[in-house]
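Reviewing the structure listed below.
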Amino acid sequence: MTNLMVSHNLNLVFTPTAPAKLSFVERDESINDDLVDALRTPGMQIVVYGPSGAGKTTLLVNKLNQLYENHVITRCMKGMTFEQILVDGFDQLNKYYTDEKSFSTKSSISLGIKSEYLSIKNSFEENIQEVSRRLVPVQLTPQRLGKFFGEMGICWVLEDFHKVEEPEKVKIAQIMKIFMDYSVDYPDLKILAIGAVNTAREVIKYDPEMKQRVAEIYVPLMNENELSKVIYSGEELLNIKFQSTVVKRTIKFSSGLASACHHLCLNMCRKEGIESTQVKTVTLNVTDFDKAVSKYVKSSSDTLKEIFDKAMKVSRSRKYNNPRIILKAILDLGKDELSYNEILTHIRIAQKEYPAGNLTSYLSKLQGQDRGSILRHDEISGLYSFSSPFVKAYSHCILTQTTKKGLSTIEVKLPIEELTKLILENLSEKLKAIE
Ligand SMILES: Nc1ncnc2c1ncn2[C@@H]1O[C@H](COP(=O)(O)OP(=O)(O)O)[C@@H](O)[C@H]1O
Ligand SMILES: [Mg+2]
């Protein structure tokens with residue numbers, strides 16, 4: 001190895017389940033510039049939204065590291081209350097308020113604020129019998145919390161904010177307002193709310209009067225160019241080379257999801273025994289790709305099943321089994337992307353009376369998280385598709401089995417080996433079509 005070459009660990013290069021750092025690629029200029037502008041504008045609050053897996057968290061974490069000294073991330077969960085969110089933010093500030101170094105480097109921080117922080121912390125400790133029922137001391141108002149964040153120049157990230165219930169969302173919007181009003185004293189103070197949803201309004205419910213001071217940033221799925229940059233960055237860091245066919249296939253199979261791209265690349269490296277930067281360039285070929293896909297399918301079969309089962313669930317008996325009819329039509333038509341009319345026309349060959357309203361309503365439901373977001377809709381082309389080739393192949397296998405055997409989808413229980421084989425056969429037909 002030349003002494004100029006730095007060695008990197010594979011797990012830090014391809015990161016399917018954590019925000020990429022080494023292999024972080026800048027997103028398209030428009031998204032990037034909007035986010036950077038918003039981060040730099042005093043008092044500007046930020047809502048980041050877009051599909052799950054599009055790269056929201058990764059983008060934000062990397063930009064915050066570039067532009068901010070410190071940030072605190074509160075991970076929201078279903079059922080979390082406004083008070084629990086406040087307390088989480090407060091607790092995470094502890095490390096800054098008790099660390100002597102934070103104080104010596106920030107001479108501007110008054111000792112008064114530190115003792116205020118510690119006094120609230122103490123009143124907490126008096127009633128900590130049960131963490132989930134900790135009473136929030138009356139002194140911990142949103143205003144105070146704003147000051148605690150502001151004095152330290154820390155911004156507050158609310159991750160997965162779409163999971164919080166409506167009434168709590170409204171209360172958080174009020175905190176955003178307080179933070180805005182403090183921007184004169186604390187220009188860095190802001191809340192960044194991230195949500196895996198289609199509109200900023202679904203993330204947070206803020207007053208129309210706040211609109212001027214809330215930046216709404218949409219992070220779309222990655223385009224082919226961005227995905228190829230992820231792959232090339234990994235090649236450089238590890239001194240490896242993916243054959244051009246492999247790059248093409250990886251991009252195709254990732255279908256906009258950077259996590260799938262990281263996962264496939266990681267699997268290929270593992271199969272070749274690559275655990276860190278190579279001394280001599282190693283080439284990865286189509287055989288490695290096939291092995292990686294097979295491993296990916298096996299490891300994600302539970303997730304695929306979950307998505308499919310959510311999509312197919314029927315709450316009560318209806319005249320039409322809408323999810324089944326629609327997914328089957330899309331699969332039968334063979335193409336990756338289809339228009340509304342193509343789908344409707346196809347359904348009506350067998351079900352002459354099928355109501356257009358059902359199609360409209362279910363095409364929309366099948367994109368929602370409740371139904372595993374199994375379908376996607378491209379705003380620009382207006383076309384519908386499965387959310388990934390893997391989900392599509394899985395759906396195809398299960399629906400074909402059920403049709404053949406006259407079973408309901410719940411009754412199909414294929415051994416994982418057989419299922420993997422069927423999915424791989426289906427995917428390899430797809431590859432023939434690309435190349
Ligand atoms: N800009 C990027 N560069 C490289 N990898 C990325 C980038 N954005 C996302 N990823 C990868 O994609 C996956 C999903 O990203 P994440 O930020 O968790 O998406 P989201 O928060 O939108 O659900 C992670 O594995 C991450 O490493
Ligand atoms: Mg995220």
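The values are calculated or read from the model by the stated rules, or taken from the named source; none is laboratory data. Note that this is a predicted model, so its numbers are computed, not measured. Here the Cβ positions follow ideal geometry from the backbone for every residue, glycine too, while neighbour counts run over all protein chains shown. In case anyone asks, the SASA skips ligands and DNA or RNA and just uses the protein heavy atoms, side chains included. Shrake-Rupley method; radii C 1.70, N 1.55, O 1.52, S 1.80 Å.
Scanning the range 11-26 for residues that are outside any helix (DSSP H, G or I) and open to solvent by 60 Å² or more (accessible area, probe 1.4 Å) yields 17, 21, 22, 26.
Looking only at the range 27-44, decide whether some residue is more than 16 Å from ligand 2 (Cβ to nearest atom), outside any helix (DSSP H, G or I), in contact (Cβ under 8 Å) with a residue 60 or more places away in the chain and more than 28 Å from residue 150 (Cα to Cα). Yes, the conditions are met somewhere in the range 27-44.
With the requirement that a residue be touching a strand residue (DSSP E or B) at 6+ places or on another chain (Cβ under 8 Å) and either assigned to a helix (DSSP H, G or I) or among the polar types (S, T, N, Q) (or both), what does the range 62-93 give you?
Initially, the range 62-93 is screened for residues touching a strand residue (DSSP E or B) at 6+ places or on another chain (Cβ under 8 Å), giving 64, 68-76, 85, 88-89, 92-93.
Of everything in the range 62-93, those that are touching a strand residue (DSSP E or B) at 6+ places or on another chain (Cβ under 8 Å) and either assigned to a helix (DSSP H, G or I) or among the polar types (S, T, N, Q) (or both) turn out to be 64, 70, 74, 85, 88, 89, 92, 93.
Out of the range 369-392, which residues are closer than 29 Å to residue 290 by Cα and without any contact (Cβ under 8 Å) to a residue 12 or more places away in the chain? Across the range 369-392, there are no qualifying residues. When we screen 202, 165, 151 for residues that are assigned by TED's automatic domain parsing to the domain that holds residue 35, away from ligand 1 (no atom under 16 Å from the Cβ) and open to solvent by 50 Å² or more (accessible area, probe 1.4 Å), the only hit is 165. Can you name the number of the only condition in (1) of a type outside the set (Val, Ile, Thr); (2) more than 24 Å from the chain's Cα centre (by Cα); (3) buried (at least 17 other Cβ atoms within 10 Å of the Cβ) that residue 291 fails? Every condition holds for residue 291 apart from (3).
Counting the residues of the range 209-257 that are outside any loop (DSSP other than H, G, I, E, B), among the hydroxyl-bearing types (Ser, Thr, Tyr) and open to solvent by less than 60 Å² (accessible area, probe 1.4 Å) gives 5. Tally up the residues in the range 258-267 that are touching a residue at least 40 places away in the same chain (Cβ under 8 Å) and open to solvent by less than 20 Å² (accessible area, probe 1.4 Å), please. Selection size over the range 258-267: 5. Please name all residue pairs, on different chains or six or more residues apart, with Cβ atoms under 6 Å, provided the first residue is in the range 410-435 and is surrounded by 11 or more Cβ atoms within 10 Å (Cβ to Cβ) and the second residue is modelled with pLDDT under 85 and part of a helix (DSSP H, G or I). Pairs that qualify, where the first residue is surrounded by 11 or more Cβ atoms within 10 Å (Cβ to Cβ) and the partner is modelled with pLDDT under 85 and part of a helix (DSSP H, G or I), are 412/401; 412/402. The set of residues in the range 294-338 being more than 25 Å from the chain's Cα centre (by Cα), of a type outside the set (D, E, K, R) and part of a helix (DSSP H, G or I) consists of 322, 325, 326, 329, 330, 331, 333. Within the set 350, 329, the sole residue that is free of Cβ contacts under 8 Å to residues at least 24 places away in the same chain and crowded, with 19+ Cβ neighbours inside 10 Å turns out to be 329.
Listed here are the residues, each with its yes/no results for (1) more than 16 Å from ligand 2 (Cβ to nearest atom); (2) modelled with pLDDT of 95 or more; (3) open to solvent by 30 Å² or more (accessible area, probe 1.4 Å).
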| residue | (1), (2), (3) |
| --- | --- |
| 9 | yes, yes, yes |
| 66 | yes, no, yes |
| 74 | no, yes, no |
| 79 | yes, no, yes |
| 105 | yes, no, yes |
| 112 | yes, no, yes |
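Confirm whether residue 83 is without any contact (Cβ under 8 Å) to a residue 60 or more places away in the chain and within 22 Å of residue 206 (Cα to Cα). Yes; evaluated as a whole, the condition is true for this residue. Is it the case that residue 32 is surrounded by fewer than 20 Cβ atoms within 10 Å (Cβ to Cβ) and more than 19 Å from residue 239 (Cβ to Cβ)? Yes: the conditions hold for residue 32.
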